[in-house]
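Read through the structure below, which is laid out as structure tokens, and then see the notes.
The values are calculated or read from the model by the stated rules, or taken from the named source; none is laboratory data. Because the structure is predicted, anything quoted here is derived from the model rather than measured. Areas reflect the complete protein model, heavy atoms only, side chains present, ligands, DNA and RNA absent. Shrake-Rupley method; radii C 1.70, N 1.55, O 1.52, S 1.80 Å.
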Amino acid sequence: MTQIEQLREWVRESDNIVFFGGAGVSTESGIPDFRSVDGLYHQQYDYPSETILSHTFYRQKTEEFYRFYRARMLCLDAKPNAAHRKLAQWEQEGKLKAVVTQNIDGLHQAAGSKVVLELHGSVLRNYCERCGRFYGVEHIVTSEGVPVCECGGSIKPDVVLYEEGLDQKTLTDAVRYISEADVLIVGGTSLAVYPAAGLLDYYRGNKLVLVNKTPTPRDSAANLVVQGSIGEIFSQLD
């Protein structure tokens with residue numbers, strides 16, 4: 001039995017699948033990744049991308065942050081790919097219980113997924129730091145400099161920057177779904193970013209599947225490793 005056949009069988013037999021995904025799910029929709037050779041961290045700016053996307057930089061050089069953010073973090077023309085669509089299909093069929101994602105692009109919801117736990121927030125949501133009012137991404141795109149609320153407060157993207165903690169409720173929900181899952185499929189992530197990667201430790205089952213183009217530090221602990229493009233692999237599943 002090939003790896004794809006094994007995965008297909010596990011998916012067919014299960015009605016309690018959880019998917020945990022990273023940047024590799026979005027790169028196939030044309031959204032640049034941070035750590036790949038042609039990813040954001042390897043492009044030239046006055047500051048490293050990791051510095052710009054930090055809480056400290058946001059506070060100290062907010063206008064510079066937004067110049068980078070608008071140019072590099074908003075990929076609003078991107079469309080869901082085969083992996084996003086397959087996950088939404090499984091949820092509609094009652095097989096998939098939740099998507100836990102490190103991505104901030106909203107593509108899982110665009111594909112039709114309803115239970116999506118966004119560990120790192122979403123570029124589609126922004127809020128006033130003074131009054132808490134929410135704004136869509138269009139407000140960020142059409143404004144210049146630091147976007148400002150009607151109340152005069154600065155608007156901040158609802159994304160988790162470096163040095164910031166993850167949302168506690170999202171984290172708690174992710175732990176619950178992963179710990180209760182029958183099949184846990186991990187896709188498109190190098191499993192290098194913590195605390196997100198540590199969520200795998202809560203899985204108690206014996207059907208841990210890793211789908212990635214390159215090896216990960218957790219391959220030896222997985223029950224099934226499928227290497228390749230996640231979109232191509234998911235398009236071969238029922």
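Here are the numbers for the structure shown:
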read-out	value
Highest-fluctuation residue, P157, P217, P32 considered, GNM on the chain with Cα pairs under 10 Å	P217
Rounded tilt (10° steps) of 3-13 against the dominant C-alpha axis of the chain	90
Region 1-125 shape via C-alpha gyration tensor axes, a/c threshold 1.5	prolate
Crossing angle, helix 82-92 versus the chain [Cα axis fit, 0-90 degrees, rounded to tens]	70
Entry for percent of Cα pairs over 33 Å apart (calculated from the structure that is shown) out of (i) 26; (ii) 15; (iii) 19	(iii)
Stretchable slack from S220 to R12, in nm (0.36 nm times residue separation minus alpha-carbon distance)	72.4 nm
Length-normalised contact order for the chain - Cα pairs under 8 Å, 6+ apart - percent	25
Most mobile of C151, C75, C128 in a GNM of the chain (Cα contacts under 10 Å)	C151
Gain upon complete extension [T170, E64; 0.36 nm per residue less C-alpha separation]	35.2 nm
Part-to-part distance (alpha-carbon centres) for region 51-87 and region 172-209, which is given in Å	24
Tally of Lys pairs whose C-alpha atoms are under 15 Å apart, taken over the chain, 8 or more apart or cross-chain	7
Candidates V183, V116, V148, ranked by Gaussian network fluctuation over the chain, Cα under 10 Å, top entry	V148
Cα gyration tensor, region 40-113 - rounded (a/c under 1.5), prolate or oblate	prolate
Bridge type composition, region 1-159 - antiparallel percent by DSSP, nearest 5	55
Heavy-atom accessible area per residue - region 92-163, 1.4 Å, Å²	45
